[in-house]
Amino acid sequence: MHSRFGLLPYLIVGTAGILIVYCVWNLLFATPEVLSYKVKEDKQEKDRARNPDPKWSILQKPKNAAKQELKKERALNGWKQEKVFLNPDPKWSVLEEKKLQDRLNKNHLNEEQDVQQIVKEKQQEKAQDQNFSPGLFQHLDPADEAFFHQLERLVHLDLKGAPPLVSYLEQLFPLLKSLGATGLLIEYEDMFPYSDSLSLLAAGNAYSQTDLQRIQMAARRNDLEIVPLVQTFGHMEFVLKYEKYMSLRELNFTPQVITPTREESYLLLQQMIIQILQAHPEAKHIHLGCDEVFDLGKGQSHTLLIRENLTPENVFLRHVTRLAKFIRSTYPHIKPLIWDDWIRNIDEKTIELSELNKVVEPVVWCYENNIMDHIKRPVWEKYGQLFEGVWVASAFKGATGSSEFITNASFHIDNNLQWVAVIRNLGIHEMLVNFRGIALTGWQRYDHFATLCELLPVGLPSLAMCLSATKNGDFSKQQQVTASSALGCSLPLELPALSGKDEYIIGDCRFPGSDVFYAVRQLWSKVTTTEHDDRLKSPISGWLTNYQVRRGFSSSWHMSSLYRELAVVISHFQSLLNELKGYLLKVYDRNTVDEWLETNVHSRIAKLEDILGKAEALMKKTTWPRRPLGPPPMKSRSDEVGQKLQSSDFSPATQGVEVVPIQGQVDSIQNLPIHLRANIPGNGNIPVINSQVQGVNGAVTHGSEGYWQGGKLSDVLRQSFTPTVPSKLRYIQSGNAYADVKHGLGQNDYIQNFQQPQQVVGSQYEGQSASRRWNNAVPQNGDNRFPFQQQVRTRQGK
């Protein structure tokens, strides 16, 4: 064999040995290629850094790239694991080994889940490497930076139904100046102190003229120009909701749009503009709104379209141009601004013929990412040709949901940086558009009727970062540190603390309203934790369904456990409620605080208490029927009446109940609707109480609790009832079986007799008389169990 093959076997074995040594050497000592997010070596990445595309957002990572990363990640993990096994390094950290092991354990996930996880992790890593911002620029040209510095930066204060205290604004304005703001876009709506013939438009908690003077003085001290915003076409709900102005609605059923077909509309709008500008003698601009003019041409203006062969766009241009020309002729030094959404799709020639471009400057708004997908290049070319100057509008809060109460700052930072890219490309490089400035909007309500979204203090960290980005045209590490320092933070705010997606954040920042910011963050954390708590989710979904509750059939053990957990959660919410109230009252008036707490805290507590009550009832069961359970017990008529009476839209004074004060020994209640029945058997369910004590004009009880205008009667009684004068109020229950001693009512306060009135005299309610409304609400089935006589009487308690 040796003679046959010679040295060939030795050669093969030697070659194999060399290869093995080479492979082992590479495995042990060679450095694998790791994807870097700090150094852009790819030519496409370099090109993007030099001339970024406005449509590009680095928050968007292509999935195919993520899949490649996944393969590299798995290969890297495998290599490191083998390295640890073959040649453990004393410097190798046990924590690092555990981290690798954890990563390897994820391999049981399917590839799509892995890809999503890699995308998320790399987004976070890249954001941290690039100072946590979705920054578009790594090296800003000094000339570009100078351009951004000279732009106007207006901070939008949306005051609709939620005016911050003037004392708070006086603390806030110095912070806004230090962050780079140059002005304020103040949308007063019903918070402006309209007077004389327009006094109806001012809300009960509107600012006073003295308040306006203080606000303007504070703005002047901080070199902040005030640009008042008054709606003059769409979003006119705060005006047209009143009966006095119903005839000026474009569509009769909604107060959203004022009709441009009536001369009275222009007289009203001109009076509003005059009062606004008289209160702002130093104003250089006024914003006329004019966004979201829904259904124009479908109401009163429809006849105009037919008669003059016009389009809704023609009517829009005619209306806005007329108002703008009025302002330019009356106040030549003031330049009107308008939102641009209605003119985006109107051709250049039509706008030019209307002369709108000569009297206004558009504010181009977009709060999404990929701005150039929403506002195409032809729109910019048109604006560049038509208007001397163009403004843009981003958002720092209030644009991610009408009922959001926590601000997703990373979303808004990305939106502002995308606007920076648009300005850089179209304004600096191409010189296509002459950009005047940017308005950073912070919506408080989506319209006059909407609920409150994120409060101003909650959005301030987001505003700080967005102002820094728009002032410098980029977002660097130093800008992050500077903005955080202005907020009084000892450490730079990190992206997770701003995104609304974490539970732990740095708690040492001290800026105007920071207590509100942190308390709301705690609320968000508590809400999120409660929603995902399996100790609550499991028993509620498995043992507390409507089917089980209605039949009284559930596990008392599970209900007992749920009851204990819920009691703790409710206690935490109650504690946080008291804390929030104290902080909020430093920023807002009581009306705003009450609304926000009822919407975001009380409602959640009420839902939990409802579940708690059901669990309590079910945990007391000691015996259960055998299956099948059959249909649930039928509801009694008293239940049907009680549910109707507990609704928040019930008002005895407008639904057939005559409200009379209780005076003397005996009082009578006339015109009692037949279906407000009393003496109903079972649980003392008497659905009538009549009173007029310190403004309490009528209330209704059902069961052991009463309701008045949607609120619990016991709460009303605590505020308005004087126990020393029990004759002034009747808390009515069947016979003397129940006495509300807790609230100071004697055991002899009860109804003696009930009678069916010969005629029900009720006022109109939603187009129906009170008697018809109740006849429709409760079926008539000849039920004669309830004796009714000629009138209703009450007797004074002893």
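The values are calculated or read from the model by the stated rules, or taken from the named source; none is laboratory data. It should be emphasised that the depicted structure is a prediction, and the values quoted were computed from it without experimental measurement. Using ideal geometry, Cβ is built from the backbone for each residue, glycine included, and neighbour counts are taken over all protein chains shown. For accessibility, only protein heavy atoms count, side chains too; no ligands or nucleic acids. Shrake-Rupley method; radii C 1.70, N 1.55, O 1.52, S 1.80 Å.
Over all distinct Cα pairs, what is the inverse of the mean 1/r for segment 308-428, reported as the Kirkwood hydrodynamic radius in Å?
So the Kirkwood estimate lands at 15.9 Å.
Pop out the carbon and sulfur fraction of the accessible area of segment 522-620 as a percent, whole number, probe 1.4 Å.
51 percent
Considering the alpha-carbon set of segment 348-416 alone, what are its Rg and its Dmax in angstrom?
When restricted to the Cα atoms of segment 348-416, Rg and Dmax are 15.1, 45 Å.
Put 537, 160, 471 in order of accessible area, largest first, 1.4 Å probe: what do you get?
The ordering from most to least exposed comes out as 537, 471, 160.
With each label point set 7 Å from Cα along the Cα-Cβ vector, what nm distance links residue 599 and residue 556?
Result: 4.4 nm between the two label points.
In Å², what does the accessible area per residue of segment 522-620 work out to with a 1.4 Å probe?
Using a 1.4 Å probe on heavy atoms only, each residue of segment 522-620 averages 53 Å².
Taking amide H atoms as placed 1.01 Å from N in the peptide plane, list the residues 5 or more away in sequence, or in a different chain, whose amide H sits under 5 Å from that of residue 152.
Close amide H contacts, sequence-distant or interchain: 437, 438.
For the ranges 337-344, 169-176, what's the packing order if you count other beta-carbon atoms within 10 Å of each residue, average per peptide, and put the highest first?
Descending packing order for the listed peptides: 337-344, 169-176.
Can you figure out the FRET efficiency of residue 565 with residue 22, using R₀ = 60 Å and their beta-carbon distance, to the nearest 0.05?
That gives a FRET efficiency of 0.45.
Using only the alpha-carbon atoms of segment 142-488, report the extent along each of the three principal axes, biggest first, to the nearest angstrom.
Per principal axis, max minus min of the Cα coordinates gives 61, 46, 38 Å.
In segment 149-236, carbon and sulfur make up what percent of the accessible area (probe 1.4 Å)?
Carbon and sulfur: 50 percent of the exposed surface of segment 149-236.
Using 0.36 nm per residue of separation minus the Cα-Cα distance, give me the extension gain between residue 477 and residue 579 in nm, one decimal.
33.3 nm
Compute the orientation-averaged projected area for segment 428-587 from the convex hull of its Cα atoms and round it to one decimal in nm².
14.8 nm²
Using +1 at the Cβ of each Lys and Arg and -1 at the Cβ of each Asp and Glu in segment 522-620, identify which of 555, 541, 573 lies farthest towards the dipole's positive end.
555
Can you give me the distance in nm between label points at residue 318 and residue 306, each placed 7 Å from the Cα along the Cα-to-Cβ direction?
Label at residue 318, label at residue 306, 1.6 nm between them.
Summing Lys, Arg as +1 and Asp, Glu as -1, what charge do residues with Cβ under 13 Å from the Cβ of residue 201 carry, residue 201 excluded?
Every neighbour counted, the sum reads -1.
Using 0.36 nm per residue of separation minus the Cα-Cα distance, give me the extension gain between residue 196 and residue 213 in nm, one decimal.
4.2 nm
Given a Förster distance of 51 Å, report the FRET efficiency between residue 330 and residue 373 from their Cβ-Cβ distance, rounded to the nearest 0.05.
0.80
Quote the FRET efficiency, to the nearest 0.05, computed for residue 147 versus residue 537 with a Förster distance R0 of 56 Å and r equal to the Cβ-Cβ distance.
For residue 147 and residue 537, the calculated efficiency is 0.55.
Can you give the direction-averaged projected area of the convex hull of the alpha-carbon atoms in segment 385-473, in nm²?
Here the figure is 6.3 nm², rounded to one decimal.
Once the piece of chain linking residue 590 and residue 278 is laid out straight, how much longer is it, given 0.36 nm per residue of separation minus the C-alpha distance between them?
Length difference between fully extended and current span is 109.4 nm.
Dipole of segment 522-620, Cα-centred, from +1 at each Lys and Arg C-beta and -1 at each Asp and Glu C-beta, to the nearest 20 debye?
320 debye
From the backbone phi of segment 589-598, what are the Karplus-calculated ³J(HN,Hα) couplings (6.51 cos²θ - 1.76 cosθ + 1.60, θ = phi - 60°) in whole Hz, Gly and Pro given as x?
Once rounded to whole Hz, the list reads 6, 5, 4, 5, 4, 4, 4, 5, 5, 5.
Going from the alpha-carbon gyration tensor of segment 522-620, what semi-axes, largest first and in whole Å, does one get by taking the root of 5 times each eigenvalue?
30, 13, 10
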